[in-house]
Amino acid sequence: MFRRPPEDPAILAARAAAHRESAAAEVERARLMAQLDREQQEAAAEHARRQAVADEQERRRRAAARRVERAERRERQRTARAEFAAKLRPVLPLLLINGGAAYAQAAYAYSQIAPAAWNGPSRVTFAVAFAAALESIAVYVQWHAHDALLLKAHATAASLRRAAWLIAAVVAAINYAHFADGSSPTAAAVAFALLSLLSPWLWGLHTRRAQHVQLLAEDADLIDDAGVEFSPKRRRMFPIRSLMAARWSIEHNERDPRKAWDGYHTERAARTAGRQATHAARKAERAARAEAKKDKDTPKTAPAAPLVQREPVREPARPARPTARSLTAGERVIAAHTAEPTANHERIARLAEVSVSTVKRHRPRPDTGSPTTPDAAATPVNGTRVAVAV
């Protein structure tokens, strides 16, 4: 009864097969787990690599952004410094002059006005405040004049400039009295008085420059042109003619030196011809009056036999040689009016290439048919005469 019964070979075979399958499954499971571990490690390594690449790209992007930001900040600082230098450059001499005048006032206030019982810092503070208050009065008024002129309040700017000049003159007198030797001038008195007195004039220079820049920015046509500028050699050779031609260019708004020179000489020749014609007419009128008076004073006698008088042979007058010249503004207006008599002033101004005021000045009036100025269109132009509507 203690002997184990023999097992069935089929069961043993099945159990052995089950063990083999279990072992194979365990081996497969171990292989799959090892493969999974390898794939997880590779995935982790790939993720770490990609994360490192992303971190490096982000670091580079941030570094590039910082570089761009630093460059932009440097550019802004450079622009700000340039703008500040551009604003400071015109007013730096003014600040130096006002600083010199303020130093003179501070030195006098420290030595003569501040109480001697005060300590050094208190006296220096009082002197600086006194000088700043005294010198800033004219500067403050002049700044308001500057602001008013840029705002196109010309009357206010003019009155404020006059007030600034008066205040500067008073401060200059105070500076002169501080450093003068009684009634005798000294170098310091004259220098410090001039520093206070010239401050409004220098501020006026800066104001006019700022106004010129403002007008250029708005519209260059708002600036009143001072006419043409001739060469120094022409001015030396023909001083009077250069002056009169420049005056003619200002009157006719001409900016071309050659056109201004030719236009002035054309008008000058026309005036000369008119004076010669007037002189000849007056001479002929005086001769006619003298002849009539002589005939009146001569006693009448019996008529004598008529004598055949030969008329003196006169040489035929040579025709005037036409000279080429350019039309003046009045001649262009007359020619345009002759071409279109019923056109308005604006149409005539466009045709003659002049202003409306020039058209009103030179165009013939409808009631009289003659312009307000002498007939300049009757002068020969290139060998022809310009017709004038009568």
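The values are calculated or read from the model by the stated rules, or taken from the named source; none is laboratory data. Please read these numbers as outputs of a predicted model, since none were measured by experiment. Cβ placement follows ideal geometry from the backbone for every residue including glycine, while neighbour counts extend to all protein chains displayed. Areas reflect the complete protein model, heavy atoms only, side chains present, ligands, DNA and RNA absent. Shrake-Rupley method; radii C 1.70, N 1.55, O 1.52, S 1.80 Å.
Key figures
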| item | result |
| --- | --- |
| Residues located in segment 161-171, provided they are among the aliphatic types (A, V, I, L, M) and open to solvent by 50 Å² or more (accessible area, probe 1.4 Å) | LEU166, VAL170 |
| Close pairs from segment 237-255: first more than 11 Å from GLY227 (Cα to Cα) and without any contact (Cβ under 8 Å) to a residue 24 or more places away in the chain, partner in a helix (DSSP H, G or I) and not aromatic (Phe, Trp, Tyr), Cβ under 6 Å, at least 6 apart | SER242/ARG234; SER242/ARG235 |
| Residue within segment 191-199 that is more than 13 Å from GLN105 (Cβ to Cβ) and not in a helix (DSSP H, G or I) present | yes |
| Residue in segment 80-92 that is within 24 Å of SER136 (Cβ to Cβ) and in contact (Cβ under 8 Å) with a residue 40 or more places away in the chain present | yes |
| Which numbered condition GLY182 fails, given (1) on the phi > 0 side of the Ramachandran plot; (2) open to solvent by 90 Å² or more (accessible area, probe 1.4 Å) | (2) |
| Boolean, ARG50 is in a helix (DSSP H, G or I) and more than 30 Å from ALA210 (Cβ to Cβ) | yes |
| Any hit, segment 80-90, residues being surrounded by 17 or more Cβ atoms within 10 Å (Cβ to Cβ), among the aliphatic types (A, V, I, L, M) and over 15 Å from LEU202 (Cα atoms) | no |
| Within segment 220-235, considering residues that are open to solvent by less than 80 Å² (accessible area, probe 1.4 Å) and either modelled with pLDDT of 65 or more or of a type in the set (Lys, Arg) (or both), the one farthest from the chain's Cα centre (by Cα) | PRO232 |
| PRO115 being more than 42 Å from the chain's Cα centre (by Cα), part of a helix (DSSP H, G or I) and surrounded by fewer than 10 Cβ atoms within 10 Å (Cβ to Cβ) | no |
| Filtered residues of segment 127-160 (kept if under 24 Å from PHE192 (Cα atoms) and open to solvent by 70 Å² or more (accessible area, probe 1.4 Å)) | VAL128, ILE137, TYR140, TRP143 |
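One line per residue, one yes/no per condition, for (1) modelled with pLDDT of 70 or more; (2) among the small types (Gly, Ala, Ser); (3) surrounded by 10 or more Cβ atoms within 10 Å (Cβ to Cβ); (4) closer than 30 Å to GLU267 by Cα:
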position	(1), (2), (3), (4)
LYS300	no, no, no, no
PRO316	no, no, no, yes
ARG350	yes, no, yes, yes
PRO364	yes, no, yes, yes
GLY369	no, yes, yes, yes
THR372	no, no, yes, yes
